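Please read the structure below before turning to the comments.
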Amino acid sequence: AQSVSQHNHHVILSEAASLELGCNYSYGGTVNLFWYVQYPGQHLQLLLKYFSGDPLVKGIKGFEAEFIKSKFSFNLRKPSVQWSDTAEYFCAVISNFGNEKLTFGTGTRLTIIP
Amino acid sequence: EPEVTQTPSHQVTQMGQEVILRCVPISNHLYFYWYRQILGQKVEFLVSFYNNEISEKSEIFDDQFSVERPDGSNFTLKIRSTKLEDSAMYFCASSPYSGNTIYFGEGSWLTVV
């Protein structure tokens, strides 16, 4: 069974600081990887995704993530955060061999201090 | 941009009552899902639906739960006899095909009292 680990439960940063949120997954086959964001009181929105190709993927709002296959990792990064980035961030994985279940990590709450 | 829509946005129900949560997935999508998020916890998979039948379900999705696609557009989640622990945000989602990006609705907050 696939699983996703997000080791940072709550991260507090000042505006303009750099961000890296960790995500590791466990699965024996090929997967598609996602980062979703949930702003306070809102629904899950797709930030970025990796299916294949360049392991460094760029998403919306200046976010990027790097897939490192050897480390089973898909860390999310942003060079300079803004107060509006305050949200919950979820890493998720889905097998691309017919398994429809998207498995989420426990989420990382990001608080940006102005 | 097309989106998944859900109704109601918030429902309060008494324990033991039946609840139906409604969803309109993105029109050309083939896979439909329900997920839930208990307050402060992670998003959990409930069920996936394809070709008018359940393709996968989690251990959470017991006999109290059912899903239906009664017409060409709606996708419903029914909880037959709600329990306090069913209080959660329920997200409907859809995907054009298996393994692809899953698009989520805004969620339906269910509060069981």
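The values are calculated or read from the model by the stated rules, or taken from the named source; none is laboratory data. For clarity, every value in this text was computed on a predicted model and none was experimentally measured. Reconstructed Cβ throughout: ideal geometry from the backbone, glycine too, with neighbour counts over all protein chains shown. Remember, those area values only see protein heavy atoms, side chains included, never the ligands or the DNA or RNA. Shrake-Rupley method; radii C 1.70, N 1.55, O 1.52, S 1.80 Å.
Assorted remarks:
- Unique match (being more than 18 Å from residue A:85 (Cα to Cα) and among the small types (Gly, Ala, Ser)) among A:62, A:41, A:53: A:53
- When the stretch B:101-113 is limited to residues that are outside any strand (DSSP E or B) and in contact (Cβ under 8 Å) with a residue 60 or more places away in the chain, the one that is most open to solvent (accessible area, probe 1.4 Å) turns out to be B:106.
- Wholly within the stretch A:1-48, strands (runs of 3 or more DSSP E) carrying at least 2 residues that are farther than 11 Å from residue A:110 by Cβ and open to solvent by 20 Å² or more (accessible area, probe 1.4 Å): A:3-5, A:24-26
- Within the stretch B:35-52, the set of residues being more than 16 Å from residue B:85 (Cβ to Cβ), assigned to a strand (DSSP E or B) and more than 8 Å from chain A (Cβ to nearest Cβ) comprises B:47, B:49.
Quick grid of which residues meet (1) assigned to a loop (DSSP other than H, G, I, E, B); (2) buried (at least 19 other Cβ atoms within 10 Å of the Cβ); (3) within 10 Å of chain A (Cβ to nearest Cβ):
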site	(1), (2), (3)
B:54	no, no, no
B:62	yes, no, no
B:66	no, no, no
B:72	yes, no, no
B:77	no, yes, no
B:82	yes, yes, no
B:90	no, yes, no
B:94	no, yes, no
B:98	yes, no, yes
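- Whichever residue in the stretch A:26-48 is of a type outside the set (S, T, N, Q) and within 10 Å of residue A:94 (Cβ to Cβ) and, among such residues, is nearest to the other protein chains (Cβ to nearest Cβ): A:34
- Filter result for residue A:90 (within 10 Å of chain B (Cβ to nearest Cβ), modelled with pLDDT of 95 or more and within 23 Å of residue B:97 (Cα to Cα)): yes
- Evaluated against (1) more than 10 Å from the chain's Cα centre (by Cα); (2) open to solvent by less than 10 Å² (accessible area, probe 1.4 Å); (3) within 11 Å of chain B (Cβ to nearest Cβ), residue A:110 falls short on exactly one condition, (3).
- The residues listed here are B:61, B:75, B:45; of these, the one that is of a type in the set (A, V, I, L, M, F, W, C), more than 30 Å from residue A:5 (Cα to Cα) and without any contact (Cβ under 8 Å) to a residue 60 or more places away in the chain is B:75.
- Of all the numbered requirements in (1) open to solvent by 60 Å² or more (accessible area, probe 1.4 Å); (2) assigned to a loop (DSSP other than H, G, I, E, B), residue A:53 misses one, and that requirement is (1).
- Within the stretch A:56-87, the set of residues being surrounded by fewer than 19 Cβ atoms within 10 Å (Cβ to Cβ), of a type in the set (A, V, I, L, M) and within 14 Å of another protein chain (Cβ to nearest Cβ) comprises just one member, A:60.
- Within the stretch B:78-99, considering residues that are polar (S, T, N, Q) and touching a residue at least 60 places away in the same chain (Cβ under 8 Å), the one nearest to residue B:4 (Cα to Cα): B:94
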